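Since the structure comes first, as structure tokens, the remarks are kept for the end.
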Amino acid sequence: MSGMTTDIELVNKDGIRIDGRTAEEMRPLRIEAGVLNNADGSAYLEWGKNKVLCAVYGPRECHPRHMQNPTKAIVQCKYNMLSFSVSDRKRPGPDRRSIEISKIISEALEYVIFTENYPRASIDVYIEVLQANAGTRCAGLTAASVALADAGIPMKDLVPAVAIGKADGHIVLDLNKEEDNFGNADLPIAMIPRTGEVLLMQMDGHMTMEEFNTALEYGKKACEKVYEIQKDALKRKYSIQSEDTEEPEPTADEDHNEEGDE
């Protein structure tokens, strides 16, 4: 859909986008870790109008057995957009797009997980898109990374992701639906901010080399922000848990009673 002609003005003469954001401004992002009791790890993400739920199971024995790797675990990801996630009802079940996205997310996660710790095992990641508004592969990967950490699976680091694009000739960060459908280019990336390693990069459309470098710079800064939000989600979950398990300090009356017992 990228590059379609439209009468919609995606970016006005002042550089303000159709939803009121500036070129380098992300949509609001919220992440909650550990939202599902029956999963080994889970995360819920709201990114603009995107709503994504992710569950992780494992490491557990890989079935069927012919898929087992005797030297490491395999990472199996299932990305799925629910029928009601888009305005035009989506046909249920996997399609070519969801199979492709499942594969690229699996490969990105496999790079950061210490799979050699779990030979013959499977780590299963389920990503359900409840509501979609562009950038769902980046949202899914970002949520999956938090869910894996919540499951206690050893990883090199968390993986933030974001999409940069080109709309009305302007390089813009974190595309919305209109910019994704009618813009000139779409560039989703995922990277490890600490090392600068790029784990995912795809390009749909055209950019000049200068525009591409600008997009990468926008993406790097945005991934650093997403990374901090990912860490904060995990800190909030486990700081609450630690507070719940701490023994309450004795009150003044309890201290007095203990002294009286002596």
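The values are calculated or read from the model by the stated rules, or taken from the named source; none is laboratory data. Note that the coordinates shown come from a computational prediction; the quantities given were computed from them, not determined experimentally. All Cβ positions, even for glycine, are placed from backbone atoms using ideal geometry, and neighbour counts span all protein chains on display.
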Could you tell me whether any residue of segment 109-116 is of a type outside the set (Ser, Thr, Tyr), touching a strand residue (DSSP E or B) at 6+ places or on another chain (Cβ under 9 Å), under 24 Å from Ile153 (Cα atoms) and without any contact (Cβ under 8 Å) to a residue 40 or more places away in the chain? yes
Condition met for Glu246 (exposed (fewer than 10 other Cβ atoms within 10 Å of the Cβ), at pLDDT 95 or above and either under 15 Å from Ser145 (Cα atoms) or out of contact with any Pro (no Cβ under 6 Å at 6 or more places or on another chain) (or both)): no
Of all residues being under 18 Å from Ser98 (Cα atoms), in a strand (DSSP E or B) and of a type in the set (A, V, I, L, M) in segment 70-88, which is modelled with the lowest pLDDT? Just the residue, please. Met81
Can you work out which of the residues in segment 181-200 that are touching a strand residue (DSSP E or B) at 6+ places or on another chain (Cβ under 6 Å) and outside any strand (DSSP E or B) is surrounded by the most Cβ atoms within 10 Å (Cβ to Cβ)? Gly183
Candidate set from segment 20-35 (those that are assigned to a loop (DSSP other than H, G, I, E, B) and out of contact with any Asp or Glu (no Cβ under 6 Å at 6 or more places or on another chain)); member that is surrounded by the most Cβ atoms within 10 Å (Cβ to Cβ): Arg21
Suppose the filter is touching an Asp or Glu at 6+ places or on another chain (Cβ under 8 Å), at negative phi and modelled with pLDDT of 95 or more; does Met191 pass it? yes
Verdict on Phe84 being surrounded by fewer than 16 Cβ atoms within 10 Å (Cβ to Cβ) and among the aromatic types (Phe, Trp, Tyr): yes
For the subset of segment 139-157 comprising residues that are without any contact (Cβ under 8 Å) to a residue 60 or more places away in the chain and of a type outside the set (Asp, Glu), which member is surrounded by the most Cβ atoms within 10 Å (Cβ to Cβ)? Leu141
Of the criteria (1) within 20 Å of Arg27 (Cα to Cα); (2) of a type in the set (S, T, N, Q); (3) not in a helix (DSSP H, G or I), which one Ser122 fails: (1)
For the subset of segment 212-243 comprising residues that are within 18 Å of Ser42 (Cβ to Cβ) and surrounded by fewer than 12 Cβ atoms within 10 Å (Cβ to Cβ), which member is modelled with the highest pLDDT? Lys235
Which of the following residues is within 15 Å of the chain's Cα centre (by Cα), closer than 27 Å to Glu178 by Cβ and modelled with pLDDT of 95 or more: Val112, Val129, Val125? Val129
